[in-house]
1. When you scan the range 226-242, do you find a residue that is under 19 Å from L33 (Cβ atoms), β-branched (V, I, T), open to solvent by less than 60 Å² (accessible area, probe 1.4 Å) and modelled with pLDDT of 90 or more, even just one?
2. Anything in the range 42-63 that is more than 8 Å from the ligand (Cβ to nearest atom), among the charged types (D, E, K, R) and surrounded by 18 or more Cβ atoms within 10 Å (Cβ to Cβ)? List them, or say none.
3. Mind checking which residues of the range 88-101 are in a loop (DSSP other than H, G, I, E, B) and either within 16 Å of R114 (Cβ to Cβ) or of a type in the set (S, T, Y) (or both)?
4. Filter the range 64-82 for residues that are open to solvent by less than 80 Å² (accessible area, probe 1.4 Å), under 30 Å from L167 (Cβ atoms) and assigned to a loop (DSSP other than H, G, I, E, B) and give the result.
5. Limited to the range 23-61, what total is found for residues that are without any contact (Cβ under 8 Å) to a residue 40 or more places away in the chain and among the charged types (D, E, K, R)?
6. Taking the stated definitions as given, is L85 open to solvent by less than 40 Å² (accessible area, probe 1.4 Å) and assigned to a strand (DSSP E or B)?
7. Would you be able to say whether some residue in the range 96-107 is under 27 Å from R46 (Cβ atoms), crowded, with 19+ Cβ neighbours inside 10 Å and among the polar types (S, T, N, Q)?
8. Go through the range 275-355 and tell me which strands (runs of 3 or more DSSP E), entirely inside it, have 2 or more residues that are of a type in the set (D, E, K, R).
Amino acid sequence: MGIEVKNINKRFGSFVALDNVSLNFPPGELTALLGPSGCGKTTLLRIIAGLEQPDAGQVFLDGEDASGSHVRERQVGFVFQHYALFKHMSVFENIAFGLRVKPRNQRPSESEIRKKVMSLLELVQLDWLADRFPPQLSGGQRQRIALARALAVEPRVLLLDEPFGALDAKVRKELRRWLRRLHDELHVTSIFVTHDQEEALEVADQVVLMNKGRVEQIGSPDQVYNQPASPFVYGFLGNVNLFHGRVHEGVLDAGGISLEAPDHAAARDAQGIGFVRPHDIEVERYSADAEGIVARLRRAHAIGPLAQLELERADNAQLIEAVISTERYAQLALQEGETLVVRPKRLRVFVDEAV
Ligand code: ATP
């Protein structure tokens, strides 16, 4: 089922939590709502669910205006960061709960409930835990049970609010891969709130970047990462180096180096900033004729396949972060303290008011 929100506005007192948000969530896809704390992700999710009313705007479920319909009629399944499973009920009963509270004429028989719960437990790969109680489960197991419980009533939409937020990094990683596989099996239209960019980029079909109640960009993980629409998106989706300078007729003069900025062919001596990811920086040993920015290698540490270099620009002491392969690092035999020349291989320039 597709979801569409149109011109959603929401204030809390004088604070604008959502500012004219319009978005499309395609049927069967997993969309990540990504943004810093307080940008309005949860508020949007709650409005889609019907737990919160917008001040203006509409929510369409499957093309129908659902703005007036109750949370129960919207048939959404939820998983929250701290999903309170019923502690006094077994895992089996927790999952069965949504089926047992259905009106009598829609309630499945006992044997149907058993079949359904066991198949959900198999789906989340925890059938061996059916008789345990929530306090006897790990955090990751609890979230998988929470998901099975949300799926039991066959929701048309699945809303996940930082479902793995409370778990440690390793379990989080495992669970997000598991969630992706599960989604590929079920294809329930899902919206996943997170402030973790790595999680969003790895799991989602579509990523919505939010900032201060507005949508900054929407696109595939590849699009938002490789073609960020704004300085905010650039900065939010990973480490980035900024090179300040003047942009003139498609060239950014960043002090010591001229960098192509073809998007700004019409610029006339405008202020601009070049955004460069650490892995898009080339380094070589200093020589008088090498073109680039002169910098001193302050610190280097090579763990695994990548070496991280912390460099300090000779002209203005700005720190530059570069990531090169450990192979290249070994080849160069770099020493901390030595002088290097760095060159952005790929950059994106934002001019004037955009910066
Ligand atoms: P986080 O990642 O921290 O959960 P979020 O992006 O999900 O953040 P929201 O929970 O949607 O953010 O909140 C958006 C803003 O609205 C925040 O500044 C929050 O303080 C405010 N807000 C949310 N709910 C209420 C409320 N019931 N009353 C007043 N302000 C609220």
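The values are calculated or read from the model by the stated rules, or taken from the named source; none is laboratory data. Given the structure is predicted, the values throughout are model-derived calculations rather than measurements. Here the Cβ is made from the backbone with ideal geometry for all residues, glycine too, and neighbour counts use every protein chain on show. These accessible areas exclude ligands, DNA and RNA; they are computed on the full protein's heavy atoms, side chains included. Shrake-Rupley method; radii C 1.70, N 1.55, O 1.52, S 1.80 Å.
1. yes
2. none
3. Once the filter is applied, which keeps residues that are in a loop (DSSP other than H, G, I, E, B) and either within 16 Å of R114 (Cβ to Cβ) or of a type in the set (S, T, Y) (or both), the range 88-101 yields M89, S90.
4. Within the range 64-82, V71, R74, Q81 qualify.
5. Residues in the range 23-61 being without any contact (Cβ under 8 Å) to a residue 40 or more places away in the chain and among the charged types (D, E, K, R): 1 in total.
6. No: the conditions fail for L85.
7. So far as the range 96-107 goes, no, none of its residues is under 27 Å from R46 (Cβ atoms), crowded, with 19+ Cβ neighbours inside 10 Å and among the polar types (S, T, N, Q).
8. On the way: elements: 281-285, 293-303, 306-313, 319-325, 339-344, 348-351.
Strands (runs of 3 or more DSSP E) meeting the threshold: 281-285, 293-303, 306-313.
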